[in-house]
Amino acid sequence: MKKNLINALIFVSFSLLCLLTICNSASASTGKMDSEGLIKVMDQYLNLLVKNNPEGLAIAKGVKITENGYPIKLGKGLFQTAKEITYKQYMADPSASQVMVFGVVKESMLLANFMVRLKVVKDKITEIETIVSRKDEASFANPEALKEPRPIYAKALSDSERSSRDKLIKIANSYFDGIEQNTGEIVPFHKECNRFENGTQTTNNPGTIATGCKEQFDNKVYAYITEVRDRRFLLADEEKGLVFGMFIFDMPGKREDFKYFPTPFDELAPRFYKPRSLLLAEMFKIVNGQIISIEAVMVNAPFGATSGW
């Protein structure tokens, strides 16, 4: 009897050991981190960024790295110029093994808006995508305005306010369809929707553009943007109602593209009719199926440029 009990205990212990081994193996095979772990990886990256030394980062063999749409080597670009990070707004998506941050960086004496996206697989960084938007390169650049992360992005939604991952992406995608089609009718804007680009509030702001999200679309103020392409929806957070992606706006600058634009072509600032593309990192907050807040970091690029991805 005693022998049978001992054998039974050995069997149970062995079974538990096997189960733990399988669980650990499954975790290792998926290489997934939780949000906290992904943000820790980003913090380590940013700490080394301002030290101008990537040594110590766990980098996967064959890691892909771009900055402002161009391939660069690890340790180049912003890694050579960053001195201090003065603002950070995180988003993590464990299901996609990715984390991103909108931030403000001090380079020498000047501040710049930036975005970094990391993909982390089996504890190693496999992708690094960066945008740096300096004040002489993009309109509305106002990094000084960014002091604290906006609480709206950290707020968890109730079950009734949430949307599925697929619906979040569909709603965000309708925003870009609305730009191409010059209408706000197909975009579910919340009545309190606001947008911030490179630190500047570009809706309901008497200092720049006084109109709201839907009104801007209906007034066709983006008529000069003829295509929103290379749409990559990369992170989503159902609990907080967030979706993030990378996109390219094409602006050929041709007179006919301003047919419905509210300002006569001859009265426009040169930036409107200068052929260019715009590389954007954009995050949407969606509550009850409606876009209530938009955050973007963007940089001008040669007309027809790619994102590098």
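The values are calculated or read from the model by the stated rules, or taken from the named source; none is laboratory data. Values in this document were obtained by computation on a predicted structure and should not be read as measured data. Glycine gets a Cβ as well: all are built from the backbone with ideal geometry, and neighbour counts include every protein chain shown.
Looking only at the stretch 134-177, filter to residues that are part of a helix (DSSP H, G or I) and aromatic (Phe, Trp, Tyr); which one of those is surrounded by the most Cβ atoms within 10 Å (Cβ to Cβ)?
Checking each candidate, the answer is 175.
Please list, ordered by first then second residue, the pairs with beta carbon atoms under 8 Å, 6 or more apart or interchain, first in the stretch 254-278 and at pLDDT below 90, second polar (S, T, N, Q).
Filtered contacts from the stretch 254-278: 260/182; 262/219; 271/139.
All but one of (1) outside any loop (DSSP other than H, G, I, E, B); (2) surrounded by fewer than 21 Cβ atoms within 10 Å (Cβ to Cβ); (3) in contact with a helix residue (DSSP H, G or I) (Cβ under 7 Å, 6 or more places away or on another chain) hold for residue 284; state the number of the condition that does not hold.
Among (1) outside any loop (DSSP other than H, G, I, E, B); (2) surrounded by fewer than 21 Cβ atoms within 10 Å (Cβ to Cβ); (3) in contact with a helix residue (DSSP H, G or I) (Cβ under 7 Å, 6 or more places away or on another chain), the lone unmet condition for residue 284 is (2).
Looking only at the stretch 200-246, count how many residues are under 16 Å from residue 279 (Cα atoms) and either touching a Lys or Arg at 6+ places or on another chain (Cβ under 9 Å) or assigned to a loop (DSSP other than H, G, I, E, B) (or both).
Within the stretch 200-246, residues that are under 16 Å from residue 279 (Cα atoms) and either touching a Lys or Arg at 6+ places or on another chain (Cβ under 9 Å) or assigned to a loop (DSSP other than H, G, I, E, B) (or both) number 8.
Taking the stated definitions as given, is residue 191 under 18 Å from the mean Cα position of the chain (by Cα) and surrounded by fewer than 16 Cβ atoms within 10 Å (Cβ to Cβ)?
no
Could you say whether any residue in the stretch 49-57 is surrounded by 15 or more Cβ atoms within 10 Å (Cβ to Cβ) and closer than 27 Å to residue 294 by Cα?
Scanning the stretch 49-57, I find at least one residue that is surrounded by 15 or more Cβ atoms within 10 Å (Cβ to Cβ) and closer than 27 Å to residue 294 by Cα, so the answer is yes.
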